[in-house]
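The values are calculated or read from the model by the stated rules, or taken from the named source; none is laboratory data. Bear in mind the structure is a predicted one, so any value in this text is a computation, not a measurement. Heads up, the Cβs are rebuilt from the backbone with ideal geometry, glycines too, and the neighbour counts pull from every protein chain shown.
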Amino acid sequence: MSEISKLDQNLAIKKIDSETINVQINDNEMLMSVVGQFDVNLKELAKLTHTNIFFRGNSITCKGKSEDIVVFCEAIKFLANKYFLTKIIEKEDIMLSVKKNIEFEKSNIKSFQQLIKTPRKSVIARSEKQSDYIKALKENEIIMSLGPAGTGKSFLAVSVGVSMLMEKKIDRVILSRPAVEAGEKLGFLPGDMKEKVDPYLRPLYDALYELFGAEKIDKKIESGEIEIAPLAFMRGRTLKNCFAILDEAQNATETQIKMFLTRIGENSKLVVNGDPSQIDLINKSHSGLVKSKNILMDLKEIKIIQFDHNDVVRHPLVSKIIRAYQKQSIDDKD
């Protein structure tokens, strides 16, 4: 029996009339995940879809305008699929289930086609551009992604790298960043080299811990399967059988990015991520990210993904903050 038919057995949707729809979920664990603790998910869906939702037993009834109950229906399908494939529904999935139906029609299919499985959680695309990005990470040898904070550039790249390591398609995951202070003078940092550079690389650790768990990550770092190092440590190396990520590349010069990309060896993937609006270099014109994108954009072997505020998935307010700053920047130029 296929996975789709198994899902269909657990989910039944029936239209009662033009303003009423009924959903039956026969899998109790799926039902509880969709509904949420103290019905919190249903309450949020009711608010987002402008409908009235009633829950009893394994039955969910939605009443509202015909166009609104269609959005609710598609949201329930998305959440059921999400649980069926990953065994978890997260808070951000509720907003995503509605947002997807408003913004693009085939999003459910594209999201689940690019499912990434890691030890602690399964990751799906949360925008159409993210889906394209995951596809590029799996299929291309060199990938560049540019865009604002919160669009999943680093997290998705780490997710794909970790999954490839688990599947033994590669021997190592290498995570790198330029060691540049973000506008503050940090002064002298005590300790050995690892302790000195760790503050610059902490966001990469956070992503790894979320996907793998701290204990497993520490063991893999000790064994060399996962390496976290400043960009300067990449010089002179040839990267074979690995998945290497250069994060915060807006703080790397054109020469440094060229150096990183020319490290590529047999059976390797290189990823360059950055946000051109958050350059921390003293002389911002020294940033090589956009320059490198323009130089390499005609090479068919290199895939370039350009994110914008519509792809922000961190928190709804992040997208609004980015747009406010962009508007102010335009006003200042005028």
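Quick notes on this structure:
- Members of region 61-101 that are among the hydroxyl-bearing types (S, T, Y) and under 19 Å from D27 (Cα atoms): T61, Y83, T86
- Listed here are the strands (runs of 3 or more DSSP E) enclosed by region 198-278 that have at least 1 residues being modelled with pLDDT of 90 or more and under 20 Å from I295 (Cβ atoms): 242-246, 269-274.
- Exactly one residue among L11, L31, L79, L96 is in contact with a Phe, Trp or Tyr (Cβ under 8 Å, 6 or more places away or on another chain) and either among the aliphatic types (A, V, I, L, M) or modelled with pLDDT of 90 or more (or both), and that residue is L96.
- The listed residue being assigned to a strand (DSSP E or B), among the β-branched types (V, I, T) and under 20 Å from I304 (Cβ atoms), out of I143, I134: I143
- Candidates K153, K129, filtered to the one that is modelled with pLDDT of 85 or more, surrounded by fewer than 21 Cβ atoms within 10 Å (Cβ to Cβ) and under 13 Å from the mean Cα position of the chain (by Cα): K129
- Checking F38, F84 one by one, the residue that is surrounded by 13 or more Cβ atoms within 10 Å (Cβ to Cβ), among the aromatic types (F, W, Y) and assigned to a helix (DSSP H, G or I) is F84 and no other.
- Qualifying residue in region 307-321 (condition: within 25 Å of the chain's Cα centre (by Cα), modelled with pLDDT of 90 or more and in the same structural domain as I124 (by TED's automatic domain parsing)): yes
- Residue within region 50-57 that is touching a residue at least 24 places away in the same chain (Cβ under 8 Å) and surrounded by 14 or more Cβ atoms within 10 Å (Cβ to Cβ) present: no
- Within this structure, K240 fails the test of being buried (at least 16 other Cβ atoms within 10 Å of the Cβ) and under 15 Å from V173 (Cβ atoms).
- Restricting region 241-293 to residues that are among the basic types (K, R) and in contact (Cβ under 8 Å) with a residue 60 or more places away in the chain leaves a set whose member that is farthest from A157 (Cα to Cα) is K293.
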